[in-house]
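**Student:** Submitted below is the structure of interest, expressed as structure tokens.
The values are calculated or read from the model by the stated rules, or taken from the named source; none is laboratory data. All figures in this text were calculated on a predicted structure; none of them were measured in a lab. Accessible surface is based on the protein model in full, side chains and every heavy atom, while ligands, DNA and RNA are left aside. Shrake-Rupley method; radii C 1.70, N 1.55, O 1.52, S 1.80 Å.
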Amino acid sequence: MPAEGPEMEIVHLLRAVTVELGLHSARFANRNDMHPTDVRALIALMDARRAGEETTAGRLGGTLGLNSAGTTAVIDRLERAGHVRRVRGRADRRQVVVEVDERAVALGRAFFGPLIGRTVELLRGYDERELAAIRGFLDGVRQAAAGAD
């Protein structure tokens, strides 16, 4: 373990941010009668949509670290709640993909929008070089966490 210093202070701060974001997400899940995994699934589906990618159940399960039965349970819960729907793929009509319903997007925007707005406002205080450093740091931490197994 590295000695305490400015780097470890940032590591501890990042951990605290992670905890706070997790608690915020849990509040959203509780207020909307969702399991925390349902919220992670919606985020994954919205990220894929923003990237213009279709998401099959298998891909969603891989992203969430779930087996087939667990993935089906999540999709079924979200579908019953009206947050997602199963549709035929655009590129391959034989494929079934999962799409987020606009009502789920609006629900998320209403809850997470103020936090996102405050975060964007904070980032506007940094110049391009500083933003590149923040982006690089966060992406590096994400990659390190993804490969931590």
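**Student:** Any chance you could get the radius of gyration and Dmax over the Cα atoms of the range 71-140, in Å?
**Tutor:** For the range 71-140, the Cα radius of gyration and maximum Cα-Cα distance read 18.0, 48 Å.
**Student:** Near the amide H of residue 84, under 5 Å away, which other amide H atoms are found, from residues 5 or more places off or on another chain, if H is placed in the peptide plane?
**Tutor:** It is 79, 101, by chain and number.
**Student:** Tell me the accessible surface of residue 34 in square angstrom (1.4 angstrom probe, heavy atoms of protein chains only), to the nearest ten.
**Tutor:** About 20 Å², rounded to the nearest 10.
**Student:** Moving to a separate point now. Would you please report the Å³ per residue occupied by the convex hull of the alpha carbon atoms in the chain?
**Tutor:** Expressed per residue, the convex hull around the Cα atoms of the chain is 149 Å³.
**Student:** Next question. For q = 0.16, 0.21, 0.24, 0.30 Å⁻¹, what log10 I(q)/I(0) does the range 36-97 give under the Debye formula with an equal point scatterer on each alpha carbon and no solvent?
**Tutor:** Here log10 of I(q) over I(0) equals -0.46, -0.81, -1.06, -1.49.
**Student:** Answer rounded, prolate or oblate for the range 21-69, using the Cα gyration tensor with square roots of eigenvalues a ≥ b ≥ c: rounded when a/c is under 1.5, else prolate when a/b is larger than b/c, else oblate.
**Tutor:** Because a/c hits 1.5 or more and a/b fails to exceed b/c, the range 21-69 counts as oblate.
**Student:** Another question, then. Tell me, what % of the accessible area of the chain is carbon and sulfur with a 1.4 angstrom probe?
**Tutor:** Carbon and sulfur: 58 percent of the exposed surface of the chain.
**Student:** Could you work out the relative contact order of the range 5-136, using alpha carbon pairs under 8 angstrom and six or more residues apart, expressed as a whole percent?
**Tutor:** Dividing the mean separation by the residue count of the range 5-136 yields 17 percent.
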